[in-house]
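Asker: Encoded as structure tokens, here's the structure I'll be asking about.
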Amino acid sequence: LRAARENGPLSGLRALVTAGPTHEPLDPVRYLANRSSGRQGYAIAQALAALGADVTLVSGPVTLAAPAAIRLVRCETAQEMQAHVMQALPCDVAVCTAAVADWRPETEASQKIKKTADMRAPALTLVPNPDILAQLCGHATARPGLVIGFAAETETVEAHAQAKRLRKGCDWLVANDVSPQTGIMGGEENEVLLITPDGTETWPRMSKQEVAAQLAERVARWWSARPA
Ligand code: CTP
Ligand code: CA
């Protein structure tokens, strides 16, 4: 890794990767979250580092081990993730793989919410979380040169993903179908579409490590073609 850091195709490139879910507390023992193992994001962080990039990985709660030679910043909520991401700027490439909770409970009870005698469920009020990817894309002074978003969809994947790329303002978008029958969520493999301004590429099913390696190769092509 040290040799790659000096001579690899991504040597000199600063990368920021978000990964994992966020947990949005409701009370000291309960939270709202997305399903996410963090595997694809950790694999991308490792693949970028293997080509020599200087990588900061901002990770929500996952059970994966800290990868070698990467700056790992752990956090829990979307607001914490947002703060760590903004602190990691400037960078050349940002890859947002995190499954950020779109909403959080408006208030966090300081004590465990107890059942009541009438057994009625409490009403939850949710408020929107910050959109970290959109904020990176729209950053007035430190927009990364290449911003890559992810889209987890369960239907009409390509159309949803193309619309999402434009809505978010990211350069590339990696889309996958996470309906339960694909086995992708939480599994070892992925099957993705890479959507760029040049069009859509359909990649065959492969391991998450292989998706990460191919994406890192694409980043290296972008990096070597950058204007001096
Ligand atoms: N993302 C983010 N911050 C959020 C929500 C999403 O950074 N608060 C990023 C994800 O990391 C991913 C991309 O935005 O790279 C798309 O996330 P996704 O959940 O698929 O899209 P949303 O815009 O949240 O739309 P929806 O959930 O309604 O499909
Ligand atoms: Ca979302």
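Asker: Show the residue pairs meeting these rules: Cβ distance below 9 Å; 6+ apart or different chains; first residue within segment 87-103 and farther than 18 Å from A140 by Cβ; second residue within 9 Å of ligand 1 (Cβ to nearest atom) and among the acidic types (D, E).
Answerer: V100/D131; D102/D131
Asker: Give the residue that is farthest from H139 (Cα to Cα), with candidates limited to residues of segment 162-175 that are more than 10 Å from ligand 1 (Cβ to nearest atom) and within 17 Å of the chain's Cα centre (by Cα).
Answerer: In this case the residue turns out to be W172.
Asker: Still on this model: Determine, yes or no, whether P90 is in contact with a helix residue (DSSP H, G or I) (Cβ under 6 Å, 6 or more places away or on another chain), surrounded by fewer than 21 Cβ atoms within 10 Å (Cβ to Cβ), closer than 30 Å to W172 by Cα and not small (G, A, S).
Answerer: no
Asker: Counting residues that are within 16 Å of ligand 2 (Cβ to nearest atom), which strands (runs of 3 or more DSSP E) fully inside segment 73-148 reach at least 3?
Answerer: 126-128
Asker: Another one. Given the structure, is D131 near ligand 1 (Cβ under 8 Å from one of its atoms) and more than 19 Å from P197 (Cβ to Cβ)?
Answerer: Criteria met by D131.
Asker: Same structure, new question: Give segment 106-129 a look and list any residue that's surrounded by 15 or more Cβ atoms within 10 Å (Cβ to Cβ) and under 25 Å from Q87 (Cβ atoms), or say none.
Answerer: Once the filter is applied, which keeps residues that are surrounded by 15 or more Cβ atoms within 10 Å (Cβ to Cβ) and under 25 Å from Q87 (Cβ atoms), segment 106-129 yields only N129.
Asker: For segment 134-146, which residues satisfy the criterion of being more than 9 Å from ligand 1 (Cβ to nearest atom) and either surrounded by 19 or more Cβ atoms within 10 Å (Cβ to Cβ) or at pLDDT below 95 (or both)?
Answerer: C137, P144, L146
Asker: Identify, please: which residue in segment 150-166 is more than 21 Å from G183 (Cα to Cα) and surrounded by 16 or more Cβ atoms within 10 Å (Cβ to Cβ) and is, among those, farthest from ligand 2 (Cβ to nearest atom)?
Answerer: Q162
The values are calculated or read from the model by the stated rules, or taken from the named source; none is laboratory data. No experiment lies behind these values; they were computed from the predicted model shown. Neighbour counts run over all protein chains shown; Cβ positions are idealised from the backbone, glycine included.
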